[in-house]
1. Choose one answer from B:155, B:166, B:102: the residue with the largest mean-square fluctuation in a GNM of chain B with alpha-carbon springs under 10 Å.
2. What percent antiparallel are the DSSP beta bridges of chain A, to the nearest 5?
3. I need the inter-copy label distances for residue B:117: point set 7 Å along Cα to C-beta, values in nm with one decimal, smallest first.
4. Taking springs between alpha-carbon atoms closer than 10 angstrom, which of A:123, A:95, A:141 fluctuates most in the Gaussian network model of chain A?
5. For the range A:2-80, compute Rh as the Kirkwood radius over C-alpha pairs and then the Stokes-Einstein diffusion coefficient at 4 °C and 1.567 mPa s; write the answer in µm²/s, rounded to an integer.
6. What is the ratio of the Cα radius of gyration of chain A to 2.2 N^0.38 Å, with N the residue count, to two decimals?
7. Give me the one-decimal Kirkwood hydrodynamic radius in Å for the protein assembly as shown, with the sum taken over alpha-carbon pairs.
8. Tell me the distances, shortest first, between residue A:152 and the same position across the other copies, using label points 7 Å along Cα→Cβ, in nm to one decimal.
């Protein structure tokens, strides 16, 4: 498999975690978002949406959208499972993942921040305040959701799931703009548990070949 | 089942479509987002994230996030299926759904528009331009993705899927700010095919008991 991605892209990081958790080797294909490489014809020929991550399967199918890719990996390589077995538990894990992927991350991805600066002419500080606002508000929702669930080591249960694949990159993102994570005990305990695992360490931006940190 | 939702909420509309496609009866519980009813203690007691839609199952489980709810419905009431059977096709449908639910809709939901006006002090026209920009850019990606797929009546294949549940409300949303849908032939053909079905008609905002149109 090949993964077109970018070290700092949060959605790319989610897929790298899933690949590492499942022990699946892949070719790392860097696409430099800040330099606009995702808009070049070479990448558009691979992925018509011009978004990263894009996974190219061994059969040559090109798949987009991080949660869709992770579910594909889970269906084709079931162990270790990234979703529980029963429908209610699966819904809980997907809901936690989507609380991040639909409610927080879209508001702080690169093209949105660029629009704020270029079109709305906001200051660097106002941009960072926007970023922190949505991360903080979203993680507070996430924490309230976790607080309803039985005690667990990870976001849901005793093994990492799709929810953890989404949470960890979001915490990395929030740190870049000094978001406060105070008062989020379940969320941060899950984050810490994940970061103690080699899979999350190997997938993190500073472990990537295109890392610039 | 009970569905806490709002007639104009795009994410609520997705779940209503899925319920109608599967012929599942439900109690319609209106939550007036513009009046802030989702922030009242009564609703917080039902749904800790204070987001709509929230589905209460017959067993009393409260499930959030529209795509997670629809997958739950599909797993517990498999016919008619809202996802194909093979993993690559499932990934394609989920990816199309997420192109809308993660790339477009989060940027034009109510709380984001409020932030633009209240915190960033943008004008009504600048707000609408923001709205149209993300809808248009996102649907152009969506169209390029559809253009890679075999000809089909709906977004993917000959029956409605999770992708159609997400597309139709996004088109309704875009219409509210006069987005141009020119040059999106596959996308708009899928929309038209959906709207010819009673399930989509019954789920639309003007069919809702709390409709104010």
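Since every read-out is calculated from the coordinates, none of them should be taken as a lab result. The model shown is predicted, which means the values in this text are computed figures rather than measured ones. Every residue, glycine among them, receives a Cβ derived from its backbone with ideal geometry; neighbour counts consider all protein chains shown.
1. B:102
2. On the way: 6 of 10 bridges.
Looking only at bridges with both residues in chain A, the antiparallel portion is about 60 percent.
3. 2.9
4. Between A:123, A:95, A:141, it is A:123 that shows the largest mean-square fluctuation.
5. Working: Rh = 12.5 Å.
Here the translational diffusion coefficient equals 103 µm²/s.
6. Numbers: Rg = 16.8 Å, N = 213, 2.2 N^0.38 = 16.9 Å.
So the Cα radius of gyration is 1.00 times the expected 2.2 N^0.38 Å.
7. Values: mean 1/r = 0.0463 Å⁻¹.
Evaluated on the protein assembly as shown, it is 21.6 Å.
8. 3.0
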